[in-house]
1. In debye to the nearest 20, how big a dipole does region 192-291 give about its Cα centre with +1 on each Lys and Arg Cβ and -1 on each Asp and Glu Cβ?
2. With every protein chain kept in the model, how would you rank Asp117, Asp364 by accessible area, 1.4 Å probe, largest at the top?
3. From the protein chains alone at 1.4 Å, what is the descending order of accessible area for Cys231, Cys146, largest first?
4. Among Leu201, Asn222, Thr265, which residue has its Cα positioned farthest towards the positive end of the charge dipole of region 192-293, with +1 placed on the Cβ of Lys and Arg, -1 on the Cβ of Asp and Glu, and the dipole taken about the Cα centre?
5. So, taking all protein chains as they sit and a 1.4 Å probe, how much accessible area belongs to Met2, in Å² rounded to tens?
6. Heads up, I need the accessible area for Lys234: 1.4 angstrom probe, whole protein in place, Å², nearest 10.
7. Which order do you get for Tyr379, Tyr218 if you rank them by accessible area with a 1.4 Å probe, largest at the top?
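The values are calculated or read from the model by the stated rules, or taken from the named source; none is laboratory data. Every value quoted in this text rests on a predicted model; they were computed, and no experiment measured them. Heads up, the Cβs are rebuilt from the backbone with ideal geometry, glycines too, and the neighbour counts pull from every protein chain shown. Side chains are part of the model used for accessible areas, which takes the heavy atoms of the whole protein and leaves out ligands, DNA and RNA. Shrake-Rupley method; radii C 1.70, N 1.55, O 1.52, S 1.80 Å.
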Amino acid sequence: AMIEVLAKLGRGPVFLAGEVLECVITFTNPLSASSTSASSEMLAWASAQIHCQFHASENRVALPPSDGSKHDVQAENETVFVPNRVHCLRLSYYTVCGLGKLQKCSRRVEKCWGLCDSYCETLPIDGPPSFRGQSVKYVYKLTIGCQRVNSPIKLLRVPFRVLVLHGLKDYQFPQDEAVAPSNPFLEEEEGLKKDSRLADLATELLMVATSRRSLHLYNISNTRGKVGTFCIFKTVYKIGEDVIGTFNFSEGDIPCLQFSVSLQTEESIQEEFQRRRGQPVSFSTHARHQEACLHTAQSSFSLPIPLSSTPGFTTNIVSLKWRLHFEFVTSGESAGTCLVRGSQSEAVTWTGVEQIEVDTFSWDLPIKVLPTNPILASYVSQFSSTNSITI
């Protein structure tokens, strides 16, 4: 005797903040037609909620005492329907016996067929993005609680990812010229229309912000002189794009032996929430290029921004920024002393010296990383669009 509960996100497990999340929830009795068992099962109740949970590292983040509203506390390993040892940023809760959008009360699920409901909720446009950092985590999930008569309560958790694009919150949609009829049955269609316009607007804003190109030229030098120049054509990217840059060492006075470029995120806790004063920031490397470049006139690199990474954002607790981290190894001597003559014969062989005095220095270039189309991000998401349990 059992009921199978299936939850399916229609468009995929990645959404933009401000979009409508729609989940189709199906209750099915999986008994076969030839089964001699009872032909129906009684579903006592079912309920759904969507929320964002904030998890903080106790060694890095000092949260204020609980005030009973935003900062509830409870052990993370406990299983309850309304979580509280987490910072609950958004809670939408529908009970089965009230006027909620998802209602199941003492309904029979007949053999070989089921009951189906659709749960829709608009994600808060001013909420944080999904993020798993070294100090904090923002985790979104849809939790469906249900119970079969005379059976324990079961929870089905449907995780999903949220991307945040700044600027959507302040945008006002133009009013339609035609007056919409006052028909309550058209409310859902109008909501879906607005949701579609929101996605189109986000795509347009992202295209405008990341398509602008202009030459950014930087001189690379240390205390002894010029090493070379670095060129990049834009500093604003979407996740999934490649960061491309070029070096020119031909005009340098100091020979460069080796360089490396790392694509990094910088996770910093706001001062009032730091566990220790002057607490260092946390760095994560997402891609890296290293190259030996002695006697190289020009070189380049291409670093992909993973689609699974989190675009830059800022909340009242944490800030995430992106940067390019450069490290250069230069010779302490002139370029000619980096080679020695191997023999006195007519065929001259030049080899590198066994030891050479070097200098090292680093440089950081901030860049801006924005979200991308959520449908594109869904293709590489670790989350499944379909989840199920049996009760």
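1. So the magnitude is around 200 debye.
2. Asp364, Asp117
3. Cys231, Cys146
4. It is Leu201.
5. In the full protein context, Met2 sits at about 80 Å².
6. So the heavy atoms of Lys234 present about 20 Å² to solvent.
7. Tyr379, Tyr218
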